[in-house]
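Following: one structure in structure tokens, then a few remarks.
The values are calculated or read from the model by the stated rules, or taken from the named source; none is laboratory data. Nothing here was measured: the structure is a model prediction, and the numbers come from that model. Ideal geometry is used to build each Cβ from the backbone, glycine not excepted, and the neighbour counts take in all protein chains shown. All accessible areas refer to the heavy atoms of the entire protein, side chains included, with ligands and DNA or RNA removed. Shrake-Rupley method; radii C 1.70, N 1.55, O 1.52, S 1.80 Å.
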Amino acid sequence: MTLQLGDTAPDFTADSTTGPIAFHEYLGDGWGILFSHPRDFTPVCTTELGYVARLKPEFDKRHVKAVGLSIDPVESHKGWAKDIQETQGHAPNFPIVADPDRKVANLYGMMHPAHDEVFTVRTVFVVDPKKKIRLMITYPQTTGRNFDEILRVIDSLQLTDAHRVATPVNWKQGEDVIIVPAVTDEEAKAKFPGGWKTLKPYLRLTPQPK
Ligand code: BEZ
């Protein structure tokens, strides 16, 4: 089954570097990101895992728990963590799932056999508190992901949920946002007391709600 935005993120239990993990239970009532790595002791993944560990305070602020995945066993992940600490200055401070039989990888469509028959591609899934998939990105094995961009998308999603706004191209924290077309001008008067700028009836910009 191909996963799509809005689908329930498949639940799973697996071994991880922090012990057995039941995915939905682990996320609790917060947000999550699940991201795959082709395998252990690979250079691009090493940089990514160190960076995600460095970003932990940013994820915590947004109530997001990170979960990594690589097909090697837990003992291998733990050995690799020492290299990540040594080279990146941060060891993983979140669970990394061990998926030797590709159970989770297959559940989430992380195997792309025409790209690589054995190892996963780089995927990112953002999961909301209702366990719905809100973002899916797939990168080739040779390109490190931009986790600042993942944080930016989470900020956008959380703003959308709280305020019925959307975010324009290349939006960054603090910049104007778009009032979604489903909100009428009448409703907008109550919701956005600071007012808005109408460029077109369907394109109304308002300061980012707090
Ligand atoms: C890496 O993480 O560096 C990597 C993994 C698989 C293929 C190429 C690079």
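Being touching a Ser or Thr at 6+ places or on another chain (Cβ under 8 Å) and not hydrophobic (A, V, I, L, M, F, W, C), is that true of even one residue in region 1-18?
No, the conditions are met nowhere in region 1-18.
Checked against (1) open to solvent by 10 Å² or more (accessible area, probe 1.4 Å); (2) within 16 Å of the ligand (Cβ to nearest atom); (3) not in a helix (DSSP H, G or I), residue 130 meets all criteria but (2). If only residues of region 141-152 that are more than 12 Å from the chain's Cα centre (by Cα) and open to solvent by 50 Å² or more (accessible area, probe 1.4 Å) are counted, the one that is nearest to residue 172 (Cα to Cα) is 143. Annotation note: of 159, 199, the sole residue that is surrounded by fewer than 17 Cβ atoms within 10 Å (Cβ to Cβ) and either part of a strand (DSSP E or B) or touching a strand residue (DSSP E or B) at 6+ places or on another chain (Cβ under 9 Å) (or both) is 199.
In this structure, does residue 138 turn out to be loosely packed, with under 13 Cβ neighbours inside 10 Å, modelled with pLDDT of 95 or more and more than 15 Å from residue 66 (Cβ to Cβ)?
No, not satisfied.
Among the residues of region 109-125, just one is surrounded by fewer than 13 Cβ atoms within 10 Å (Cβ to Cβ) and closer than 12 Å to residue 140 by Cβ, namely 114. Scanning region 14-36 for residues that are surrounded by 15 or more Cβ atoms within 10 Å (Cβ to Cβ) and closer than 22 Å to residue 79 by Cα yields 14, 15, 16, 17, 18, 21, 34, 35, 36.
Within region 53-60, not a single residue is open to solvent by 70 Å² or more (accessible area, probe 1.4 Å) and in contact (Cβ under 8 Å) with a residue 60 or more places away in the chain. So, residue 118, is that one farther than 19 Å from residue 52 by Cα and within 16 Å of the ligand (Cβ to nearest atom) or not? Here the answer is yes, as residue 118 does meet what is asked. Restricted to region 1-92, the set of strands (runs of 3 or more DSSP E) holding at least 3 residues that are within 16 Å of the ligand (Cβ to nearest atom) comprises 31-37, 64-70. Reported count of residues in region 61-108, each being among the small types (Gly, Ala, Ser) and open to solvent by 40 Å² or more (accessible area, probe 1.4 Å), is 1. Close Cβ contacts (under 8 Å, 6 or more residues apart or on different chains) running from residues in region 1-23 that are among the β-branched types (Val, Ile, Thr) to residues that are part of a loop (DSSP other than H, G, I, E, B) and surrounded by 15 or more Cβ atoms within 10 Å (Cβ to Cβ) comprise 2/109; 8/131; 17/92; 17/95; 18/94; 18/95; 21/95.
Set side by side, the residues 74, 97 differ, and just one is among the hydrophobic types (A, V, I, L, M, F, W, C) and free of Cβ contacts under 8 Å to residues at least 60 places away in the same chain, which is 74.
Inspect all residues belonging to region 56-73 and state whether any of them is aliphatic (A, V, I, L, M) and farther than 21 Å from residue 139 by Cβ.
No, region 56-73 contains no residue that is aliphatic (A, V, I, L, M) and farther than 21 Å from residue 139 by Cβ.
So in region 93-116, with the set limited to residues that are among the small types (Gly, Ala, Ser) and not in a loop (DSSP other than H, G, I, E, B), which one is farthest from residue 133 (Cα to Cα)? Out of the qualifying residues, it is 98.
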